[in-house]
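Structure, as C-alpha cells:
The values are calculated or read from the model by the stated rules, or taken from the named source; none is laboratory data. Keep in mind the model is a prediction, meaning the values are calculated, not measured. When we count neighbours, we look across all protein chains shown, and the Cβ atoms used for this are built from the backbone with ideal geometry, even at glycine. These accessible areas exclude ligands, DNA and RNA; they are computed on the full protein's heavy atoms, side chains included. Shrake-Rupley method; radii C 1.70, N 1.55, O 1.52, S 1.80 Å.
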Amino acid sequence: MSGEALLFIEDDDSGRELGLFNLRKAGYAVDGARDGAEGLRRFDPERHAVVITDVKMPNVGGLEVLREIRARSPETPVLVITAYGDVDLAVAAMKAGAFDFIGKPFHREHLLLTVAKALERGRMRAELLSLQRQVAGIERPIVGHSPAMARALDLADRVARAAAPVLVTGESGTGKELIARRVHARSPRHAGPFVAVNCAAIPAELLESELFGHVRGAFSGALRDRPGRFRQADGGTLFLDEVAELPAPLQAKLLRVLQERVVDVVGSDVPVPVDVRVIAATNRDPGDLRGDLLYRLRVVEIELPPLRERVEDIPQLVRHFVARFAGGRDVEIPEEVLADMSSRTWPGNVRELENACERAVILCSGEVLRVEDLPPRTAPAPAVAAGGDEWLPALPEDGLSLVDLEKRVIERVLALKRGNITQAAAYLRVPRHVLSYRMEKYGLRRGS
C-alpha cells in the first residue's frame, strides 16, 4: 500500500465527526470529506489506503464514488456505509466492487475491525502484485533505503500512474533500466509488453529500421516485413537506453512519434498508429539531445544517484548480491569486508559492485569472504591542475599525429582500468561499442 491514511466521506456532520473521532482515537490518520464530490477531489491513491463512504448522499452518491475510485485505483479497498434497512443498496455496492459494508448507525468495534481487515487485504494484494511482477520478469528488486534512492523510487512510483514520457538520468551502472521496469510494472500498462532498446549498441544505419520497422524490399537485404520496436511495444512501454546516442535525423523522427503517435515505416508511405509510453535514459548530459525532443522526453526526470552518494546502501547491496551468487551457501561477510567495500569509490557504480561480489564468492575458499577475494583497488587518476591542460603533452613545432595521440590515450586508460572496456569507455565518455571499434582499429587488446 502506498499510504496508511483513511478517507472518510459522510454528508451528515454528526456522523462524520463521530467516525473521524473513533478512527483517530484508534491511531489512524484520517481525512474527512463532507460529500461525494469533495471526497473524489481529495482522494489520493498514494495517500489513502482505504476509503469509507456513505451511500446516500446528495448529487454524487456513494455508488458513484465507489465506481470512480475503483476506476482510478482498483487496489484501494472501499467500505460503504448503509442504513440497516438498505439491503438492496448494500448488495449493489458489493456487486460494484465494495470490499465490505458497515451498518448505520455503526458500532465503534465493528468499524475498527472492518477497517483493519480492509488494510490487511490491501497489504496482501500489494505484496501479491509485487511478487507477480517479479515472477513475470518485468520488475526486478531495487536494493537500498538511502534518502537519495528513496526519493528516486518515490518519484518513479508517483509517475508510474501517468502516461507521460519519463527521462531517467545517471551514470552507467546506477540502475536506469531497473527504474524503467519499475515504472512500467506499476503503471496501467503493466499487462502490455516492455521492450528495451540500447541505442548505443545498434549501428546507426540499422537504428531506423530497428525502431520503426520496414517493409519487404525497402532496402537491400529486406527480405520480409519487420514491425520494429515501437510496434512490438504497442500497448506497453518502450525503453530507449542511451537515447543521446541517436543520430540527429532519428531524433527528429522520434519527436514525430511522440507528438503524432504514429511511426513512419521504412519503405512505406502509410504512417502506422502506435500506443506506446516512452521511457528514455542517458548517462550523458541530456543537453546533447535536440531541444524540442528533450522537452518531450523530460516531462518527468528521475535522476539516479551514483553509488558514492549512497554509501549507506553498500552493505545491503553486498549482502543481496552475495546471497544471489552463493547459490544457497551460507557465506559470511565480515565487517572488515563491508568496511573495505564501503570505502571504495565504485566508478562503475552498482554494476561494478555486483561484479566484485560475484568475483569474491567465486574466489572464496571457505564460507567466509576475505578482503583478499575483492578486486584490486583502482589506482586514483592523476590530479588535473586548475589550468585544465597540464596533462597534455607539449605540442611539438613540427606537428602532431592526432591518430597516434588517440591511440596513446586509449592505451593509457586501458592500463589505468586494467583492461576493463566498460570502465575505460565510461572514463573516456564514449559508448562501449565506439571504444571497441577504436581498439580494433588500432590493434589494441584488453591487456594493452
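Just one of the numbered conditions (1) open to solvent by 50 Å² or more (accessible area, probe 1.4 Å); (2) touching a helix residue (DSSP H, G or I) at 6+ places or on another chain (Cβ under 7 Å) is not true of Leu211: (1).
So, in segment 178-203, exactly how many residues are open to solvent by 20 Å² or more (accessible area, probe 1.4 Å) and either part of a helix (DSSP H, G or I) or of a type in the set (D, E, K, R) (or both)? Counting residues in segment 178-203 that are open to solvent by 20 Å² or more (accessible area, probe 1.4 Å) and either part of a helix (DSSP H, G or I) or of a type in the set (D, E, K, R) (or both) gives 5. When segment 8-56 is filtered for residues that are in a helix (DSSP H, G or I) and among the polar types (S, T, N, Q), the ones remaining, listed by number, are Ser14, Asn22.
For segment 56-63, the criterion of a residue being among the basic types (Lys, Arg), under 19 Å from Leu7 (Cα atoms) and surrounded by 14 or more Cβ atoms within 10 Å (Cβ to Cβ) is satisfied by at least one position. Taking Gly267 as the residue in question, decide whether it is farther than 29 Å from Ile142 by Cα and not basic (Lys, Arg). Yes, satisfied. If you go through segment 66-90 and keep only what is open to solvent by less than 10 Å² (accessible area, probe 1.4 Å) and in contact with a Leu (Cβ under 6 Å, 6 or more places away or on another chain), you end up with Val78, Thr82. For segment 215-228, the criterion of a residue being in a loop (DSSP other than H, G, I, E, B), within 21 Å of Leu294 (Cα to Cα) and not charged (D, E, K, R) is satisfied by no position. When segment 1-44 is filtered for residues that are surrounded by 18 or more Cβ atoms within 10 Å (Cβ to Cβ) and of a type in the set (S, T, N, Q), the ones remaining, listed by number, are Ser2, Asn22. Is segment 182-197 home to any residue that is at pLDDT 90 or above and either at positive phi or out of contact with any strand residue (DSSP E or B) (no Cβ under 9 Å at 6 or more places or on another chain) (or both)? Yes, there is a match, as at least one residue in segment 182-197 is at pLDDT 90 or above and either at positive phi or out of contact with any strand residue (DSSP E or B) (no Cβ under 9 Å at 6 or more places or on another chain) (or both).
The residues of segment 230-267 that are surrounded by 23 or more Cβ atoms within 10 Å (Cβ to Cβ) and in contact with a Phe, Trp or Tyr (Cβ under 8 Å, 6 or more places away or on another chain), listed by number, are Phe230, Ala233, Thr237, Leu238, Phe239, Val263, Val265. The set of residues from segment 404-423 being closer than 20 Å to Arg351 by Cα, touching a Lys or Arg at 6+ places or on another chain (Cβ under 9 Å) and assigned to a helix (DSSP H, G or I) comprises Leu414, Ile421, Thr422, Gln423. Given the criteria over 31 Å from the mean Cα position of the chain (by Cα), without any contact (Cβ under 8 Å) to a residue 40 or more places away in the chain and farther than 30 Å from Leu155 by Cβ, does Ala33 qualify? So Ala33 does not fit the description; no. Counting only helices (runs of 4 or more DSSP H) wholly contained in segment 280-346, the ones carrying 3 or more residues that are free of Cβ contacts under 8 Å to residues at least 60 places away in the same chain, more than 19 Å from Pro147 (Cβ to Cβ) and open to solvent by 50 Å² or more (accessible area, probe 1.4 Å) occupy 314-326, 335-342. Residues in segment 307-337 that are in contact with a Leu (Cβ under 9 Å, 6 or more places away or on another chain) and hydrophobic (A, V, I, L, M, F, W, C): Leu307, Ile314, Leu317, Val318, Phe321, Val322, Val331, Ile333, Val337. Note on segment 50-105: among residues that are out of contact with any strand residue (DSSP E or B) (no Cβ under 6 Å at 6 or more places or on another chain) and of a type in the set (Gly, Ala, Ser), the one that is farthest from Ala29 (Cα to Cα) is Gly85.
For segment 365-416, a residue qualifies if it is open to solvent by less than 70 Å² (accessible area, probe 1.4 Å), under 34 Å from the mean Cα position of the chain (by Cα) and at pLDDT below 80, and the qualifying residues are Thr378, Ala379, Ala381.
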